[in-house]
1. Just to be sure before I move on: is E62 closer than 24 Å to M201 by Cβ and among the acidic types (D, E) in the structure I sent?
2. So which of E98, E51 is open to solvent by 50 Å² or more (accessible area, probe 1.4 Å) and not in a helix (DSSP H, G or I)?
3. Take the range 133-160 and flag every residue that is in a helix (DSSP H, G or I) and either in contact with a His (Cβ under 6 Å, 6 or more places away or on another chain) or crowded, with 17+ Cβ neighbours inside 10 Å (or both).
4. Being open to solvent by 70 Å² or more (accessible area, probe 1.4 Å) and either at positive phi or at pLDDT 95 or above (or both) narrows it down to one residue among R40, R26; which is it?
5. Working carefully through the options P125, P56, find the one that is part of a loop (DSSP other than H, G, I, E, B), touching a residue at least 40 places away in the same chain (Cβ under 8 Å), out of contact with any strand residue (DSSP E or B) (no Cβ under 7 Å at 6 or more places or on another chain) and open to solvent by 10 Å² or more (accessible area, probe 1.4 Å).
6. For D82, state whether it is more than 22 Å from Q191 (Cα to Cα), open to solvent by 10 Å² or more (accessible area, probe 1.4 Å) and assigned to a helix (DSSP H, G or I).
7. Between S149, S183, which is of a type in the set (G, A, S) and in contact with an Asp or Glu (Cβ under 6 Å, 6 or more places away or on another chain)?
8. In the range 178-204, which residues are more than 19 Å from A137 (Cβ to Cβ), of a type outside the set (D, E, K, R), open to solvent by 50 Å² or more (accessible area, probe 1.4 Å) and touching a residue at least 60 places away in the same chain (Cβ under 8 Å)?
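The values are calculated or read from the model by the stated rules, or taken from the named source; none is laboratory data. This is a predicted model, so every value here is computed, not measured. Glycine gets a Cβ as well: all are built from the backbone with ideal geometry, and neighbour counts include every protein chain shown. With ligands, DNA and RNA removed, areas are computed over all heavy atoms of the protein, side chains included. Shrake-Rupley method; radii C 1.70, N 1.55, O 1.52, S 1.80 Å.
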Amino acid sequence: MEQNETEIARFFDCCETSGRRKTNTRMSRKARRDLVAFLRETGLEGKTVLEVGCGPGDLTRELTRLGATRALGIDLAEKALDEARQRAAAENLNDRIEYRLGNGAKDALEHHDIVVLDKVICCYPDWRELVNNTSAAARQTYGFVIPRSQGLSAFVVRAFIAIERLVLKLKRCGFVPFVHDYSKIDSHLNQLDFRRTNVKMGLIWMTAIYTRG
């Protein structure tokens, strides 16, 4: 199923309401906490961070507050990036965080110690393209949150995604969410010389951390 960057950007800038974003945040808060906890175990102090699909920049700011020296957030949605810049300025973090418009699956990415994608891989039809490009930018650590694709919970997740796809289609929204097979992503990252160091399965979302080499 095809989906271009314009449709992704339009969804997050125009179709995703503030109410929907709050609901999504509540549903995925635990997975993000797990991601942050794993990164702190791996070591944040003095590291540089790249967040692909940063949205309004909540995770980028949190990792910076917790010790990352510098962070870069990239996203396809311009309005979300404007919000991210305003929030960073309000917290006096704009001298340590930069936000840019960009496509993490296609653009040349600068190398950072840590690369994270929080509920982003599920927005792309071709997960290999996105994982290849973003993992290549990770000097040490690569982490992400994706919908569960294994176990009994996966049936619930896939049903939920199917309903969401139908609703989006009825609304004539070009954005399409995906549930990619985690076992394939894991195997692919192993081939790219990454080794899984942490994984946590939630009811809907799962969190994984990989270390290079």
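1. On the way: closer than 24 Å to M201 by Cβ: yes; among the acidic types (D, E): yes.
Taking the combined requirement at face value, the residue satisfies it.
2. Exactly one residue qualifies, and that residue is E98.
3. Kept after step one, since they are in a helix (DSSP H, G or I), are these residues of the range 133-160: 133-135, 153-160.
Of everything in the range 133-160, those that are in a helix (DSSP H, G or I) and either in contact with a His (Cβ under 6 Å, 6 or more places away or on another chain) or crowded, with 17+ Cβ neighbours inside 10 Å (or both) turn out to be N133, T134, S135, S153, A154, V157.
4. Numbers: R26 fails: either at positive phi or at pLDDT 95 or above (or both).
Of the residues listed, the single one that is open to solvent by 70 Å² or more (accessible area, probe 1.4 Å) and either at positive phi or at pLDDT 95 or above (or both) is R40.
5. Exactly one of P125, P56 is part of a loop (DSSP other than H, G, I, E, B), touching a residue at least 40 places away in the same chain (Cβ under 8 Å), out of contact with any strand residue (DSSP E or B) (no Cβ under 7 Å at 6 or more places or on another chain) and open to solvent by 10 Å² or more (accessible area, probe 1.4 Å), namely P125.
6. Working: more than 22 Å from Q191 (Cα to Cα): yes; open to solvent by 10 Å² or more (accessible area, probe 1.4 Å): yes; assigned to a helix (DSSP H, G or I): yes.
Yes; evaluated as a whole, the condition is true for this residue.
7. Result of the check over S149, S183: S149.
8. Correct list: I204 only.
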